[in-house]
Amino acid sequence: TSFFSDARLSGDEACQIIDNNLSAFLYKNIASTAIDSNGIAEKGSLRRIEVTIPLTLEAEILNIPDELKDLLIEALSMVKRLGVNRNRGLGRCSLTVK
């Protein structure tokens, strides 16, 4: 069974953020609302989502069967977006193998 670890900042970057109290600068809020056919915001449709600034995260995939390694590497290269609102410009990513 393969194991996918959590994606995290590198140890050095995480330490710099913690040591310099910078975590508040990693996030921002984006607000949106539904607009009706007359161009007016629909009542009760305002919503907000918290997003992160662009970051480089690292993760591991352990116990990959040898016969699947090349296939997994090829599949990872095809991933271009992940997560919520990925079709609205969020979640862009690039997955690489070290």
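Within the stretch 19-80, what whole-number % of the accessible surface is contributed by carbon and sulfur, with the 1.4 Å probe and all protein chains included in the calculation?
The nonpolar share, carbon plus sulfur, comes to 54 percent.
Taking the chain as a Gaussian network, where each spring joins two C-alpha atoms under 10 Å apart, which residue of Ala14, Ala34, Ala59 fluctuates the most? Most flexible of the set in this elastic network: Ala34. With unit charges on the beta carbon (Lys/Arg positive, Asp/Glu negative), name the residue among Ala34, Leu72, Leu62 whose Cα is farthest towards the positive pole of the charge dipole of the stretch 27-72. Going by the charge dipole, the pick is Ala34.
Note the listed values (i) 67, 24, 20; (ii) 58, 38, 20; (iii) 49, 31, 30, then indicate which one is Cα extents along the principal axes in Å calculated from this particular structure. Label of the calculated value: (ii). Based on protein heavy atoms only, the stretch 1-50 ends up with 87 Å² per residue of surface accessible to a 1.4 Å probe. Considering helices alone, the calculated mean residue ellipticity of the chain at 222 nm is -5500 deg cm²/dmol, with DSSP H runs of length four and up weighted by -39500 (n - 2.57) and normalised per residue.
The values are calculated or read from the model by the stated rules, or taken from the named source; none is laboratory data. Because the structure is predicted, anything quoted here is derived from the model rather than measured. Glycine gets a Cβ as well: all are built from the backbone with ideal geometry, and neighbour counts include every protein chain shown. Side chains are part of the model used for accessible areas, which takes the heavy atoms of the whole protein and leaves out ligands, DNA and RNA. Shrake-Rupley method; radii C 1.70, N 1.55, O 1.52, S 1.80 Å.
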